[in-house]
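Just so it is clear, none of the values below were taken in a lab; they were calculated from the coordinates. As the structure is a computational prediction, the values presented were derived from the model and not from experiment. All Cβ positions, even for glycine, are placed from backbone atoms using ideal geometry, and neighbour counts span all protein chains on display.
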Amino acid sequence: MSYLVLARKWRPKRFAELVGQEHVVRALVNALESNRVHHAFLFTGTRGVGKTTIARIFAKSLNCERGDGATAEPCGECNACRDIDAGRFVDLLEIDAASNTGVDDVRALIENAQYMPSRGRTKVYLIDEVHMLSKNAFNALLKTLEEPPGHVKFLLATTDPQKLPVTVLSRCLQFNLRRLEPAQIEGQLARILQAEAIAFEPMAVPLLARAADGSLRDGLSLLDQAIAYTGGSVTEAGVQAMLGTVDRNRVEALLAALAAGDGAALLAAVDALAQYSPDFAQVLDDLADHLHQVQLRQLVPAFVAEPATPAQLALAGAASPELVQLWYQLAITGRRDLGLAPSARAGFEMTLLRMLAFRPAGEGVRASDVAAAATTPASNESKRALPVVESRKHSVATHVVPAKSESVAAPAVPAVEPVASAPAVAHKLADAEDWLALQPVLALRGPARELAAHTAFLGCEGGALRLALAPGSDHLRNDSLVRQLAQAVGQAIGAQVQVRFEKAPAAAPADTLHDRTQRQRSERQSGAEADFFADPVVSRLLEQGATVVPDSIRPLPSDN
């Protein structure tokens, strides 16, 4: 007897057996039970999620011999149900649009549609990969698709609905089948292994589920391959060798070296990893997956489904949430750019070195430096200051902007601790001139720099920097930009700073850097124009009828 692959043997035969497509099943069941069945359905989605399977179950529901009409629960035992499952029901016409793309094929379909079913109640046309039909074939199908005979139903399936004409889409009820989650595929694979009495290691099934990439059919095909590869017992090591994935401990060793800031240990771990000839793109995916689990444990531990490993718990406590976010972003961008690297290993190593080199703002000290500080004698003050950059929890406050007519100060942003890398000589901040002189050296850019340039100095007492925002500049003021401004000022003056916005006194409006720059630019322009017209040569040319092109006079670049 020939072997029947798992994807065919375990193809669902009832709506209740479908995995992960409850939204489609509910709509079809309700339509069948209320006898409001549309004449044309379009099932879309990636490969292996159940498009053709749902269409066949639907065909059984329309033609089941138990009962007087359509049913949402086909018996699976009558002749019609058994023949549809076996693929020999004459009134279910499965058409591969990839092989029958021409208008002549569609004309033949249309001519046969007018004849009554041979055995069942309904003649069902299942057109797979319908987007492959030619333009002329679509045009020939339109009229029949819109007004078919009462005994005809059209079930269309495609992986690329964008290629379908709007005229076809408008004539069908469209159902988009979702990619399955790894947990859904994992559960189905485990049930099938148990039903087939095949021994398996629990950690092997998640590896197959992730490799299936949302397709249950791909997952079953991989399971068939794993059974053959491991000789009948599905093991974690065997699946890893088959898929080219690496042991979790090796991925965690890479993250541990990154957390310690140890470049030598990091490259040694890469060298050990390379001995197994892994798929480096898959290793980056595994890194990103580990970082995702670490971030969940840091920020929303209630939503963590998988049990934590000791390495993940250690990393969650050692690395800040911002650093984990940065590593995750570098991992997925490195995965995307891997094909551009001179070699896969070089691209992989450069991604890890990029993680080692870059840190979020304010995290310039590595964990190894902090560990060294803990063992330094108390007399060494420079080392004792290092723990300032240890991970700390952040609170988020609601920022309420008062009405323009009020003079109440806006809530202050949280104080920002100075970073260990602050300048050795702090800038003073006593009056408006100090504020204007300080701004060019602040570590700001983009909108945050514009916010500073549109603020006027009101005072700085007790760690509170009081500023007034220029009229018409309220759009620059938000929590993120104000925090950046407070942090940059705190680094520059070497002290904690709170930024408060108040209404400027109407009697003596303070100057802003933007206003002063505009005023200086206007003065330089006026001076340039005066010097130009005072030139004797220019005066003589003007007397002879020459004209000056408007806006063509520009001052010379400033020496500073």
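Placing pseudo-labels 7 Å out from each Cα toward the beta carbon at Ala268 and Leu4 gives an inter-label distance of 5.6 nm. Relative to the longest principal axis of the Cα atoms of the chain, the long axis of helix 344-357 lies at roughly 40 degrees.
Were the residues from Asn478 through Ala98 laid out at 0.36 nm apart, the gain over their Cα-Cα distance would be 131.3 nm. Please check the chain for the longest run free of chymotrypsin sites (Phe, Trp or Tyr not before Pro) that are loop-located per DSSP (anything but H, G, I, E, B) and have at most 16 other Cβ atoms within 10 Å. Longest stretch, sites excluded: 359-560. Compared with the direct C-alpha span, the chain from Ala437 to Arg354 gains 26.3 nm at full extension, assuming 0.36 nm per residue. The overall shape of region 1-138, judged from the alpha-carbon gyration tensor, is rounded, with an a/c ratio under 1.5.
With a/c under 1.5 counting as rounded, go ahead and sort region 521-560 into rounded, prolate or oblate using the C-alpha gyration tensor (a ≥ b ≥ c being the square roots of the eigenvalues; past the cut-off, prolate if a/b is larger than b/c, else oblate). It comes out prolate by the Cα gyration axes. Between the labelled values (1) 57, 44, 28; (2) 49, 26, 17; (3) 65, 38, 24, the entry that holds semi-axes √(5λ) of the Cα gyration tensor in Å as derived from this structure is (3).
When the helices of the chain are scored as -39500 (n - 2.57) per DSSP H run of n ≥ 4 and the total is divided over every residue, the value at 222 nm lands at -14500 deg cm²/dmol.
Between the beta carbons of Glu502 and Val537, assuming R0 = 41 Å, the FRET efficiency works out to 0.15 to the nearest 0.05. In this simple spin-label approximation, Arg107 and Asn30 carry label points 7 Å from Cα along the Cα→Cβ vector, and these lie 4.2 nm apart. Post the alpha-carbon centroid distance, region 252-281 to region 70-114, in whole angstrom. If you average the Cα positions of each part, the centres end up 55 Å apart. Does region 227-358 classify as rounded, prolate or oblate by the C-alpha gyration tensor (a ≥ b ≥ c root eigenvalues; a/c under 1.5 gives rounded; else a/b over b/c gives prolate, otherwise oblate)? Oblate, since a/c reaches 1.5 and b/c is not below a/b. Legend: calculated FRET efficiency, Ile198 to Asp247, from the Cβ-Cβ distance at R0 = 25 Å, rounded to 0.05, equals 0.65. With both residues required to sit in the chain, DSSP beta bridges show an antiparallel share near 25%. Under a model in which nothing but the beta-carbon of Lys, Arg (+1) and Asp, Glu (-1) is charged, region 432-511 shows a dipole of about 220 debye around its Cα centre. Counting lysine pairs in the chain that sit 8 or more residues apart in sequence, or on different chains, and whose Cα atoms lie under 18 Å apart gives 15.
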